[in-house]
1. Restricting to the stretch 97-131, and then to whatever is within 21 Å of residue 244 (Cα to Cα) and aromatic (Phe, Trp, Tyr), can you tell me which residue is surrounded by the most Cβ atoms within 10 Å (Cβ to Cβ)?
2. Which numbered condition in (1) touching a Gly at 6+ places or on another chain (Cβ under 9 Å); (2) within 30 Å of residue 146 (Cβ to Cβ); (3) away from ligand 2 (no atom under 16 Å from the Cβ) is the only one that residue 84 fails?
3. Failed condition for residue 104, given (1) within 30 Å of residue 69 (Cβ to Cβ); (2) within 12 Å of ligand 1 (Cβ to nearest atom); (3) not in a helix (DSSP H, G or I), with all others met?
4. Taking the stretch 25-39 only, how many residues are closer than 11 Å to residue 9 by Cα and surrounded by fewer than 17 Cβ atoms within 10 Å (Cβ to Cβ)?
5. Which fully enclosed helices (runs of 4 or more DSSP H) of the stretch 228-322 have 3 or more residues being surrounded by 15 or more Cβ atoms within 10 Å (Cβ to Cβ) and out of contact with any Asp or Glu (no Cβ under 9 Å at 6 or more places or on another chain)?
6. Only one of (1) surrounded by 15 or more Cβ atoms within 10 Å (Cβ to Cβ); (2) part of a helix (DSSP H, G or I); (3) away from ligand 2 (no atom under 16 Å from the Cβ) is not met by residue 94, so which one is it?
7. Provide a single number: the residues in the stretch 206-227 that are part of a loop (DSSP other than H, G, I, E, B) and within 16 Å of ligand 1 (Cβ to nearest atom).
Amino acid sequence: MKHIVVTGAAGFLGSHLVKSLIQQGHRVTGIDNLSTGVSQNLREVINNPLFQFCKDDVTQASSLEILDQQTVDEVYHLASPASPKFYQADAFGTIWVNTQGTYNLLELAHKKGAKLVYASTSEAYGDPEVHPQPETYKGSVNTWGPRACYDEAKRLGEVICYEYFTKQQVKVKVARIFNTYSAGLRNDDGRVISNFVTQALTGEDITVYGDGSQTRSFCYVDDNIRGLQLLMASEKANGQIVNIGNPKEYTILELAHLIKDLTQSNSNVTFSPLPEDDPKVRRPVIDKAKDLLGWEPEVNLDHGLRLTIENYRESLLETQFE
Ligand code: NAD
Ligand code: UDP
């Protein structure tokens, strides 16, 4: 049994990861300040003796003092707002959790001799001029815009990982995560799949930004969580940056119509201005993940959306009767 620390444990990805690690029989400490995450995400594990939850802010080194007397084998640093709506509302929180927070977690990993996976992002490529994006592409990021607090903080987080890998020999691995979805994203999260599914199920307008020709590549959460764990396990991945995403690409307009069809919704599809610096295309090259980890996604968008829609439908019904 390992002792594994997960930051951002009450968030979308963190809560799925915690459940998977506990199911495998590991002891997990989850740390989260509940800024965008909700404790409801952890209801299945909160009373499990293998799980301890600490409501705290990982930008404060004191948040890790509870681990002083404990061995730690692995650290997943997932804490950070991820939806543009939330990271733009808390730009400095986003900057500190990915810089000071990453530093604090790397210090912990260094002291404990633990491995660390850092959740970086496809946003490290910005509005890419190379398509699709391999890890070797250095990106096209604007420092002077509403997305910069997230994109540049993640890039600096990667730099801090590099320093700890090269100077302190911490076994660190960076996951550049591409758009990931499933049930568990809050209805008000603001990200596209949560918005479109909620809108389609409640009969509201489906709000396409711009003309919907911008593209994204959507990865189902189970594939992502499997990828992160393989990354942690791989010795060959120490000191490596690896794309974790689904290489099948869709326009946002295609996504809107797919969700409208799958929900059999009467919602109208409406168009509003494209937010500033919204990337026009995004698709991962996943050759490195295939080579290093033997990983590739297994769940296609149609199937993943059906599972997601079913779950949103049930939770919307539950809230109606509460
Ligand atoms: P999320 O917002 O659902 O979860 C993030 C969690 O971090 C929340 O529970 C939040 O309360 C917590 N948190 C934020 N600041 C904190 C702090 N200072 N101290 C402690 N906890 C803090 O987001 P998510 O989708 O689960 O994303 C998880 C990670 O994966 C993030 O680092 C994100 O940047 C990265 N990522 C996610 C995606 C995706 O599509 N979901 C894509 C790229 C990268
Ligand atoms: N988007 C949209 N309507 C929405 C929410 C998002 O058209 O209600 C678009 C957004 O402009 C972007 C894409 O969907 O082009 C993905 O947005 P999201 O916020 O999910 O993630 P991003 O990849 O931009 O970080």
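The values are calculated or read from the model by the stated rules, or taken from the named source; none is laboratory data. Here the structure is a predicted model, which means the values were calculated and not measured. Positions of Cβ are generated from backbone atoms using ideal geometry, with glycine treated the same way; all protein chains shown enter the neighbour counts.
1. Out of the qualifying residues, it is 125.
2. (3)
3. (3)
4. 3
5. 252-263, 301-321
6. All conditions are met except number (3).
7. Number of matching residues: 2.
Per-residue answers, yes or no, for (1) more than 15 Å from residue 221 (Cβ to Cβ); (2) acidic (Asp, Glu):
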{"site": "5", "(1), (2)": "yes, no"}
{"site": "8", "(1), (2)": "no, no"}
{"site": "13", "(1), (2)": "no, no"}
{"site": "24", "(1), (2)": "yes, no"}
{"site": "32", "(1), (2)": "yes, yes"}
{"site": "39", "(1), (2)": "yes, no"}
